[in-house]
Protein chains: 2
Amino acid sequence: MNLALLFDEDFVGPDRVILRGRRLAHLQSVIKVAAGDSVPVGRADGNMGTGEVLRLTDTETELRVTLDHTPPAPLPLTLILAMPRPKMFRRILQTCATLGVKDIWLINSYKVEKSFWQTPWLSEAQVRENLTLGLEQAKDTRMPRVQIRKLFKPFVEDELPALLEGRQALVAHPGTSTPCPVHLNQPTALCVGPEGGFTTYEVGRLEEAGCQGIHLGPRILRVETAVTVLVSRLFDACR
Amino acid sequence: MNLALLFDEDFVGPDRVILRGRRLAHLQSVIKVAAGDSVPVGRADGNMGTGEVLRLTDTETELRVTLDHTPPAPLPLTLILAMPRPKMFRRILQTCATLGVKDIWLINSYKVEKSFWQTPWLSEAQVRENLTLGLEQAKDTRMPRVQIRKLFKPFVEDELPALLEGRQALVAHPGTSTPCPVHLNQPTALCVGPEGGFTTYEVGRLEEAGCQGIHLGPRILRVETAVTVLVSRLFDACR
């Protein structure tokens, strides 16, 4: 937690927040704050700044916050991701939030096991919690939007065309002949398949919709690694 | 496991191997092979190819292997990494192996907790196992070399200069003014600090030794993510 992310419900006054639970525990046991200390904070979807610890008990801390600078720029990326295996899903959410991805669509694919959609990590509260952890790692405040589409065909036919409009449209697929572009730095929609990849039928449908197949070379990467590599190559956001 | 990595001890003849344990379980329960099937295999530090399943029992399988093509090119990278927290360490080993990093030095740093060096994941067998998992994910055979240096100062003074010779020398450090170069594609030595970063003293010593400080932008990344982003920016190995 390189920043404590603050939500509307944390505010008890225009510049006062009260923190309990995970954020309090982190401030106490890892950062070891005392009254009078300042800690980095940011308001969800708002500015970042500092919080001065006014008082600190075992159960809560009150901070006076000054929010005077803007969070890092978001990536101009729409990430369309086949629903990952639950044990990877949490980490992928956190990594996407840390990297600055703001628009995530979780879609179905032949190799997405039905059970993946049953994971409790897909609840709204858990998704927000894991995105929060990713933002707090990165020092960012803008909450990504996550949308769930459990049917491949209606998504591709009815929603994908509008998503691709005005964007470079790509589908990462081993075995295509075009390497991933670098420094694209434009509005981009990127489809990433499940472990084992999209099927030939699915890649065909995505290409029909306007997605260009791209590959990352001979190495087969886990989904989380592939997303990080793709984002790093497509965008110079770090520069 | 996109490839079963074979070691000398698996060979019972010039083109015959017997597999048991993890690799057998994976072939049976995930890939669901039967006698007569062919599966991707590779010999550690050797060629890749296919293994034809000659026989399969509950406890072992015998394969006839044909090893006729070379593994993907290694990255020309020497990665000098502050020893990560044990729960991240395994995954970082796997990710490095998957990405093609072949030369890894684990070093000490002020913010490396002493307990990190006690982890059983540092045993030779566990390191090999996790590197194997990373190579099997990537479809690669060249086993990375991992070296352990538990004292920062003797490493920097006595060993680092020789490691940097003939290489671009970099230290990733938030707050420096130079962004990470892209498409470097040259022999490179890259130092990556622990959670919380190298201390000012440590960065100073690394810079004295010839390392150029580089940053990845305003976002603070977990070590595993940072390594993947750095490798993706420095090398076009995927192209």
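The values are calculated or read from the model by the stated rules, or taken from the named source; none is laboratory data. All figures in this text were calculated on a predicted structure; none of them were measured in a lab. Note that each Cβ is placed from the backbone with ideal geometry, even for glycine, and that neighbours are counted across all protein chains shown. Note: areas computed on protein heavy atoms with side chains; ligands, DNA, RNA excluded. Shrake-Rupley method; radii C 1.70, N 1.55, O 1.52, S 1.80 Å.
Of all residues in the stretch A:1-28 being without any contact (Cβ under 8 Å) to a residue 60 or more places away in the chain and within 24 Å of residue B:221 (Cβ to Cβ), which is most open to solvent (accessible area, probe 1.4 Å)? Among them, the one singled out is A:22. Per the conditions (1) closer than 14 Å to residue A:132 by Cβ; (2) within 14 Å of chain B (Cβ to nearest Cβ); (3) surrounded by fewer than 18 Cβ atoms within 10 Å (Cβ to Cβ), the sole criterion not satisfied by residue A:31 is (1).
Residues in the stretch B:59-75 that are in contact with a Leu (Cβ under 9 Å, 6 or more places away or on another chain) and not hydrophobic (A, V, I, L, M, F, W, C): B:59, B:60, B:61, B:62, B:64, B:71. Screening the candidates A:105, A:121 for the property of being among the aromatic types (Phe, Trp, Tyr) and touching a strand residue (DSSP E or B) at 6+ places or on another chain (Cβ under 8 Å) yields one hit, A:105. Look at (1) at positive phi; (2) at pLDDT below 95 and you find that residue B:26 fails only one, number (1). Give me a count of the residues in the stretch B:164-180 that are surrounded by fewer than 16 Cβ atoms within 10 Å (Cβ to Cβ) and either in contact with a Lys or Arg (Cβ under 8 Å, 6 or more places away or on another chain) or assigned to a strand (DSSP E or B) (or both). Adding up the residues that qualify gives 1. Which members of the stretch B:181-197 meet the condition of being more than 14 Å from chain A (Cβ to nearest Cβ) and open to solvent by 30 Å² or more (accessible area, probe 1.4 Å)? Residues satisfying the conditions are B:186, B:187.
Each row is one residue, and each column tells you yes or no for (1) in the same structural domain as residue B:192 (by TED's automatic domain parsing); (2) modelled with pLDDT under 95; (3) not hydroxyl-bearing (Ser, Thr, Tyr).
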residue	(1), (2), (3)
B:8	no, no, yes
B:17	no, no, yes
B:50	no, no, no
B:96	yes, no, yes
B:99	yes, no, yes
B:109	yes, no, no
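Of all positions in the stretch B:154-170, at least one carries a residue that is of a type in the set (Val, Ile, Thr) and away from every other protein chain (no Cβ under 14 Å). Got at least one residue in the stretch A:89-100 being away from chain B (no Cβ under 14 Å) and of a type outside the set (Phe, Trp, Tyr)? Looking through the stretch A:89-100, none of the residues is away from chain B (no Cβ under 14 Å) and of a type outside the set (Phe, Trp, Tyr). Residues that are out of contact with any Ser or Thr (no Cβ under 9 Å at 6 or more places or on another chain), open to solvent by 40 Å² or more (accessible area, probe 1.4 Å) and assigned to a loop (DSSP other than H, G, I, E, B) within the stretch A:136-151 comprise A:139, A:142, A:150, A:151, listed in sequence order. Restricted to the stretch A:198-218, and to residues there that are assigned to a loop (DSSP other than H, G, I, E, B) and under 16 Å from residue A:168 (Cα atoms), the residue that is nearest to the other protein chains (Cβ to nearest Cβ) is A:211. Among the listed residues B:119, B:66, identify the single one that is of a type in the set (Ser, Thr, Tyr), more than 24 Å from residue B:150 (Cβ to Cβ) and away from chain A (no Cβ under 13 Å). Result of the check over B:119, B:66: B:66.
What are the residues in the stretch A:18-50 that are under 25 Å from the mean Cα position of the chain (by Cα) and within 16 Å of residue A:67 (Cα to Cα), if any? Hits for the stretch A:18-50 are A:39, A:40, A:41, A:42, A:43, A:44, A:45, A:46, A:47, A:48, A:49, A:50.
Summed over the stretch B:225-239, residues that are at the interface with chain A (Cβ under 7 Å from one of its Cβ atoms), open to solvent by 30 Å² or more (accessible area, probe 1.4 Å) and over 11 Å from residue B:99 (Cα atoms) total 1. Of the numbered criteria (1) open to solvent by less than 60 Å² (accessible area, probe 1.4 Å); (2) within 23 Å of residue A:107 (Cα to Cα); (3) not in a helix (DSSP H, G or I), the one residue A:156 fails is (3).
Within the stretch B:36-47, which residues are over 30 Å from residue B:223 (Cβ atoms) and surrounded by fewer than 18 Cβ atoms within 10 Å (Cβ to Cβ)? Once the filter is applied, which keeps residues that are over 30 Å from residue B:223 (Cβ atoms) and surrounded by fewer than 18 Cβ atoms within 10 Å (Cβ to Cβ), the stretch B:36-47 yields B:36, B:37, B:38, B:40, B:46, B:47.
For the stretch B:1-28, a residue qualifies if it is more than 17 Å from residue B:135 (Cα to Cα) and either within 14 Å of another protein chain (Cβ to nearest Cβ) or part of a loop (DSSP other than H, G, I, E, B) (or both), and the qualifying residues are B:14, B:15, B:20.
Is at least one residue of the stretch B:26-33 among the basic types (Lys, Arg) and within 30 Å of residue B:213 (Cβ to Cβ)? Checked the stretch B:26-33: no residue is among the basic types (Lys, Arg) and within 30 Å of residue B:213 (Cβ to Cβ). Candidates A:81, A:54: the one that is out of contact with any Gly (no Cβ under 6 Å at 6 or more places or on another chain), assigned by TED's automatic domain parsing to the domain that holds residue A:227, touching a residue at least 12 places away in the same chain (Cβ under 8 Å) and of a type outside the set (Phe, Trp, Tyr) is A:81. All conditions but one from (1) open to solvent by less than 40 Å² (accessible area, probe 1.4 Å); (2) under 20 Å from the mean Cα position of the chain (by Cα); (3) within 8 Å of chain B (Cβ to nearest Cβ) apply to residue A:222; the one that does not is (1).
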